[in-house]
Amino acid sequence: MSKKRHVVAAVDEVPPGSRKHLNLAGREIALFNLGGEFFALGDKCPHESGSLCAGKIVGLAEADTPGHYRLSRDGEFVKCPWHGWEFDIRTGQSWCDPTRTRARAYETAVAAGETLVKGPYVADTYPVRVEENYIVIDV
Amino acid sequence: MKVPFAGAIDCDLHLPSPSMAVLMRHMDDFWREQFVTRRIDRMDFQLTSFPPNTPLAMRDDWRAPAGEGETPLDKLRREALDPFGARIAIGSILHGAIGLYNEDMAAVICSAVNDHLARDWLDHEPRLRGSILVMGSSPDHAVAEIERLAADRRFVQIILPVMGDFLPGKRQMWPVYRACEKHGLAVALHAGSTYRYPPTGSGWPSYHVEDYIAQSTAFENAIVSFLAEGVFNEFPDLRLVCLESGFTWLPTLLWRLNKEWRGTRQETPWLDRPPADVVRERVRFSLQPVDAPADGALLTRTLAHIGSDELLLFSTDYPHAQFDGDNALPEGLPADLQRKIMIDNPPACYPRLAAEAKEIAP
């Protein structure tokens, strides 16, 4: 089945550090803004389908030795609200089992309203104004 | 089944708890006089854990005293070393001194127990190795005792009861583990408690059966404490040995560890890989008691769940009543696993046994 490009939100609507829950063509999707970059994950924890969109946004906790804590990649992980599994918002990979346990990642892009109005993509029912920028996702 | 070949290394064998009269020979004048004037020179200081008159503490046919003209060592050879073709047997004496609140007295008894083990057992039987008895409640003493005895390469591990004053992974114990790692000694936790705290999380049980069953939970707690506190990170060469722990409960612990780790690992970020993998690398378990159904196929499945042939160390747990006759091996162990358990795994776990094997090899 060929993918369809969906206009899901105006860029201003999802400021850095926030997320938005989407339902696109029957799929639940969690959209995150990491410092101006947009990432979209299937809103289903691969463990037991908890909503990642409802999870806490956290950094990456690491330690070289016991008791020496370090936090990096501030705000780039989401913890499933059900059992606390951590997922890399950039890739959907779980921290504990990155190759086998991952949330589905969707491609996102930012498009100018002007191009969207002209097509070739259908803007669904999302109202698009030529002077704004929009987040689009291919599903 | 019987042990099918000679050369096994028995990693858990109990030597009789010596009388105070014997131990006082290994004390200085001050303490000899103290024990006499305090009228405790005939006290046996038995641990309440597994007191010797309980049925499981000694097999009936091993309960008889040494025969005429037979020394305690002769009896040990006849009952515990020869029948199983042991090349090496690691002997331990779990003495009640470790439960005393008087640290100096406890320390002097522990030292006497260790000296008795060296002089009265190890000196006379080249197959025997020893465990250093230390007080878990007093890490300072434990370190001093390890340093005092470290030059005697026949001691291959320290031994602590699995239940003490605090969970054994706690940082106050780290100087003890540092000393063990430095000297190539493993850390053995043996079933039992000093009973300063109840053996269950809900207080004191009424019956022996409750105490026996509580041991496996205590071992789970101890292993998780080592992992969570980061002992295995801090001491990369240290091995933890669980003696008389059983192991058939291990699969569920490994499953739960890996599962809970995924949601809680941010609290202990030094645990940076599945904790079950760390257990498989660093923790070892004595064979007896097996605690498996008689059907060997079920034991094989349990071992498959454990997922490693390197975890088990052969043990007779002599003189405890864990099997009948000479049948120290459970049914259902494949031949290659028998060899691993009896021959290969012990030196891989005990650096001092590995070093010996190297010296013997051409």
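Checking each residue in region B:308-336 for being surrounded by fewer than 18 Cβ atoms within 10 Å (Cβ to Cβ) and at pLDDT 95 or above picks out B:308, B:309, B:310. Condition test on residue A:16, is it within 14 Å of chain B (Cβ to nearest Cβ), of a type outside the set (Val, Ile, Thr) and part of a loop (DSSP other than H, G, I, E, B)? Criteria not met by residue A:16.
You will find that of B:297, B:292, the residue that is away from chain A (no Cβ under 14 Å), part of a loop (DSSP other than H, G, I, E, B), in contact (Cβ under 8 Å) with a residue 12 or more places away in the chain and surrounded by fewer than 22 Cβ atoms within 10 Å (Cβ to Cβ) is B:292 and no other. Every condition in (1) outside any loop (DSSP other than H, G, I, E, B); (2) more than 21 Å from the chain's Cα centre (by Cα) is met by residue B:69 except one, and the failing one is (1).
Would you confirm whether or not region A:97-106 contains a residue that is in contact with a helix residue (DSSP H, G or I) (Cβ under 9 Å, 6 or more places away or on another chain), crowded, with 16+ Cβ neighbours inside 10 Å, under 28 Å from residue B:226 (Cα atoms) and not basic (Lys, Arg)? Yes; the residues of region A:97-106 include at least one that is in contact with a helix residue (DSSP H, G or I) (Cβ under 9 Å, 6 or more places away or on another chain), crowded, with 16+ Cβ neighbours inside 10 Å, under 28 Å from residue B:226 (Cα atoms) and not basic (Lys, Arg).
With the structure loaded, tell me whether residue A:109 is under 19 Å from residue A:23 (Cα atoms), of a type in the set (A, V, I, L, M) and assigned to a strand (DSSP E or B) or whether it fails that test. Answer is yes for this residue.
A count restricted to region B:231-275 and to residues that are within 29 Å of residue A:56 (Cα to Cα), in contact with a Gly (Cβ under 8 Å, 6 or more places away or on another chain) and among the aliphatic types (A, V, I, L, M) stands at 2. In region A:45-78, the qualifying residues are those that are at the interface with chain B (Cβ under 8 Å from one of its Cβ atoms) and outside any loop (DSSP other than H, G, I, E, B), and the one that is surrounded by the fewest Cβ atoms within 10 Å (Cβ to Cβ) is A:70.
Just a yes or no: is a residue in region B:109-118 at pLDDT 95 or above, in contact with a Cys (Cβ under 6 Å, 6 or more places away or on another chain) and either farther than 24 Å from residue B:20 by Cα or not charged (D, E, K, R) (or both)? No, that holds for no residue.
Listed conditions (1) at positive phi; (2) at pLDDT 95 or above are all met by residue A:78, apart from (1).
Do we find a residue being hydrophobic (A, V, I, L, M, F, W, C), in contact with a helix residue (DSSP H, G or I) (Cβ under 6 Å, 6 or more places away or on another chain) and closer than 18 Å to residue B:3 by Cβ anywhere in region B:329-352? Break it down stepwise before answering.
Within region B:329-352, the subset hydrophobic (A, V, I, L, M, F, W, C) is B:329, B:333, B:335, B:337, B:341-343, B:348-349.
From what is left, the residues that are in contact with a helix residue (DSSP H, G or I) (Cβ under 6 Å, 6 or more places away or on another chain) are none.
No, region B:329-352 contains no residue that is hydrophobic (A, V, I, L, M, F, W, C), in contact with a helix residue (DSSP H, G or I) (Cβ under 6 Å, 6 or more places away or on another chain) and closer than 18 Å to residue B:3 by Cβ.
Residues in region B:150-167 that are of a type outside the set (D, E, K, R), buried (at least 16 other Cβ atoms within 10 Å of the Cβ) and assigned to a loop (DSSP other than H, G, I, E, B): B:150, B:164, B:167. Scanning region A:86-101 for residues that are in contact (Cβ under 8 Å) with a residue 24 or more places away in the chain, within 14 Å of chain B (Cβ to nearest Cβ) and under 13 Å from the mean Cα position of the chain (by Cα) turns up just one, A:87.
The values are calculated or read from the model by the stated rules, or taken from the named source; none is laboratory data. Treat the numbers as computed from the prediction; the structure is a model and nothing was measured. In this analysis, Cβ positions are derived from the backbone assuming ideal geometry, glycine residues included, and neighbour counts consider all displayed protein chains.
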